[in-house]
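Novice: Please find one structure pasted underneath; my questions will follow.
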2 protein chains.
Amino acid sequence: MTQPAQRPPLPADFFDELCPSSLLPFRFGDTWAPMVLRCLEGGPRRFSELRVPLGRITPKVLTHSLRGLERRGFVSRTVHADPKRRVEYALTPLGRGLLEPLDAACRWATEHWDELIDAHERGAAVTG
Amino acid sequence: MTQPAQRPPLPADFFDELCPSSLLPFRFGDTWAPMVLRCLEGGPRRFSELRVPLGRITPKVLTHSLRGLERRGFVSRTVHADPKRRVEYALTPLGRGLLEPLDAACRWATEHWDELIDAHERGAAVTG
DNA sequence: CTGTATCCTGAGGGATACTG
DNA sequence: CAGTATCCCTCAGGATACAG
């Protein structure tokens, strides 16, 4: 149970295929929270495992995001008695439940992606 | 068609019965955007009509929120040839569509309200 | 490996006052 | 009526460096 995870690591381009949530008209928690939640969808992950798919995130910001998710009860933090100071983050049942409306919102955005982009570009043109 | 709206005005406590979205773990647009969208759900509204249910909002912030929603294509702004400089804001089809995932998210939050509050208070207690 | 500690910047948002 | 114009303040978030 306290063995290191044997799940495949998350690739550095994990989010290239997903809806770029930074462009969406809504946010779940802070900027990185939705992506962190998605990274944890497949099971617990370590701090350093999360940094890979998130690319540009700095440790301070990742810590901040994780603390926020922990404080709200969406993510649990477990320190294992391990020579390597292994810490694992996992979705709580509440956090897993949050993925449902998040997915619904992302699905909607994907379906209306062209309209969203069109409006955004026309709006930007008008605004300057 | 260009007659003043005869819909009942929105009450000042319009949001007292609704899920206080400022406490939710997600946001659609800026802080006030979800509430603005809900205010427009029943039909077009004027600038001053929107200020009532939104209570503490200042005109600058409301303008900012409306401009953002307009730029993204969720809300339309119509200036009527009227002695009173009447301006009406209305949901676009895209904006009305956005209400669907927003409602789904709010429904989820309502269903898990106790857990959300519990976690929030326990988290606040731990953090200090 | 898992974070803290500083420093910095911009944007969001509130208060107040003023305008066509 | 429908906004602007200013001022101000906080906080998210990035860069960099350092620590247990």
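Novice: When we measure straight from the Cα of B:K60, which aspartates and glutamates land under 18 angstrom away, once same-chain ones fewer than 8 places off are left out?
Specialist: B:D30, B:E49, B:E70, B:E88
Novice: What total accessible surface area, summed over both chains, is buried at the interface between chains B and A, computed with a 1.4 Å probe and given in Å² to the nearest 100?
Specialist: Between B and A, the summed buried area is about 2100 Å².
Novice: Right, something else. Normalised by the residues of the range B:37-128, what does the relative contact order come to in percent, with Cα pairs under 8 Å and at least six apart?
Specialist: 28
Novice: How far apart are the B:H120 label points across copies, placing each 7 Å from Cα toward Cβ, in nm, shortest first?
Specialist: 2.9
Novice: Okay, moving on. Would you kindly find the accessible area of A:D30, with a 1.4 Å probe and non-protein molecules such as ligands, DNA and RNA excluded, rounding to the nearest 10 Å²?
Specialist: Surface accessible to solvent at A:D30 totals approximately 50 Å².
The values are calculated or read from the model by the stated rules, or taken from the named source; none is laboratory data. None of the values given here were measured: they were computed from a predicted structure. All Cβ positions, glycine included, derive from the backbone under ideal geometry; neighbour counts span all protein chains shown. These accessible areas exclude ligands, DNA and RNA; they are computed on the full protein's heavy atoms, side chains included. Shrake-Rupley method; radii C 1.70, N 1.55, O 1.52, S 1.80 Å.
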